[in-house]
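Engineer: Attaching a single structure in structure tokens format; questions to follow.
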Amino acid sequence: MCGAAPNRCRTIYLGFELEAEDILTAEEAIAKSNSSLNWSNSLRGLHRRLLITVIGALVLLTNSVNVRGQAKQQLDRTNDALKGRVKSVSLEVVRFDLVNNEWVEKPRVSSERKAYDELGNQTRFEDYDDDGKLSSVLIYDFIGKLRVARYIESPTSTTLSRVVPGPKNQKVDPRYTYKFVHQYDAQGRRIQTAVYLSSGPLWLRHVFKFDRNRKIHRTYNREGLNRTLEYTFNEQGNEISVVEHAPYVSADKTVYKYDEFDAQGNWTKRRVYRGLKEFPDSAFTLAHPWSVEYRVITYY
């Protein structure tokens with residue numbers, strides 16, 4: 001186990017229980033959840049590492065597949081809800097620590113960076129730890145029509161990584177680490193992503209369901225359903241809340257408030273609030289933000 005050790009772990013997900021019956025008001029509830037969720041950098045890193053490496057980075061790839069006999073292709077940057085001919089997106093985060101009942105702002109650091117080619121295919125994903133140091137890189141490519149990615153660990157990374165074992169004497173394709181097979185509905189929306197290891201076995205399966213301004217994302221591993229995320233979007237297509245269902249989850253709802261946009265309509269600053277799903281979105285803004293996120297976007 002990684003526990004509270006300073007190193008991070010990609011394959012163990014930790015959280016803390018919140019006693020909802022101790023909460024008297026919405027404002028006190030959110031404040032209590034923020035206080036209870038004032039984890040150390042390593043514990044916060046576990047949540048973000050899992051989100052990025054197991055779900056986020058691995059499902060932001062697209063490929064041409066047959067949908068009811070018709071070939072459809074989605075652009076990665078369109079799937080990432082980006083507007084215009086985006087070349088790169090750098091996400092930077094300001095986090096807060098609760099010290100002596102006062103919120104202390106930490107330095108603004110890099111969190112992740114994505115790059116796209118002129119056609120809109122993602123070419124690179126960089127992941128940074130909570131101190132803003134490069135942790136790992138995914139380099140995307142095509143092998144024929146196959147969509148693949150090669151994983152590179154940063155030499156300075158302190159992340160503990162688990163090698164997923166495969167059957168003995170099974171050949172591994174050294175050209176890539178992951179292979180992605182996507183399925184789309186008649187409207188061109190991605191409804192399933194299967195992630196295969198370079199040795200052949202299916203590793204993860206992501207299933208997506210859409211309902212007006214909502215999207216449900218279920219993740220399955222070899223043992224079955226592992227995680228469910230319920231997204232709600234505003235009229236501009238930006239996430240306004242995400243509810244998470246998974247083992248060992250305490251802050252199971254995240255609410256976003258958008259403050260700044262660029263000329264293309266892409267957001268460049270938003271506040272992030274986290275707490276219990278039993279409370280309405282409006283109650284979250286009564287408390288201090290969990291973090292503030294900034295995006296630096298370049299265009300072709």
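Engineer: Taking the residues in the range 182-195 that are surrounded by fewer than 19 Cβ atoms within 10 Å (Cβ to Cβ) and touching a Lys or Arg at 6+ places or on another chain (Cβ under 8 Å) as candidates, determine which candidate is nearest to Glu235 (Cα to Cα).
Structural biologist: Gly188
Engineer: Within the range 226-238, take every residue that is without any contact (Cβ under 8 Å) to a residue 40 or more places away in the chain and either of a type in the set (Phe, Trp, Tyr) or surrounded by 15 or more Cβ atoms within 10 Å (Cβ to Cβ) (or both) and give me the one that is farthest from Leu82 (Cα to Cα).
Structural biologist: Asn226
Engineer: While we're on this one: Taking into account only those residues within the range 270-300 that are closer than 17 Å to Lys114 by Cα and of a type in the set (D, E, K, R), which is surrounded by the most Cβ atoms within 10 Å (Cβ to Cβ)?
Structural biologist: Result: Glu293.
Engineer: Scan the range 244-269 residue by residue and report those that are buried (at least 16 other Cβ atoms within 10 Å of the Cβ) and farther than 22 Å from Thr298 by Cβ.
Structural biologist: Hits for the range 244-269 are Glu244, Val249, Ser250, Ala251, Asp252, Lys253, Thr254, Val255, Tyr256.
Engineer: OK, next. Quick one: Ser198 ticks every box in (1) of a type in the set (Ser, Thr, Tyr); (2) under 25 Å from Val93 (Cβ atoms); (3) out of contact with any Leu (no Cβ under 9 Å at 6 or more places or on another chain) bar one, so which box is it?
Structural biologist: The number of the failed condition is (2).
Engineer: Across the range 116-158, what is the total count of residues that are of a type in the set (Asp, Glu), touching a residue at least 24 places away in the same chain (Cβ under 8 Å) and farther than 22 Å from Arg77 by Cβ?
Structural biologist: Going through the range 116-158 one residue at a time, the tally reaches 3.
Engineer: Select, from Val243, Val255, Val195, the only residue that is of a type in the set (A, V, I, L, M), outside any loop (DSSP other than H, G, I, E, B), on the phi < 0 side of the Ramachandran plot and in contact (Cβ under 8 Å) with a residue 60 or more places away in the chain.
Structural biologist: Val195
Engineer: Go through the range 274-300 and report how many residues are free of Cβ contacts under 8 Å to residues at least 40 places away in the same chain and part of a loop (DSSP other than H, G, I, E, B).
Structural biologist: 2
Coordinate-derived values only; no laboratory data. Bear in mind the structure is a predicted one, so any value in this text is a computation, not a measurement. Cβ coordinates were reconstructed from backbone atoms using ideal geometry, including for glycine residues, and neighbour counts include every protein chain displayed.
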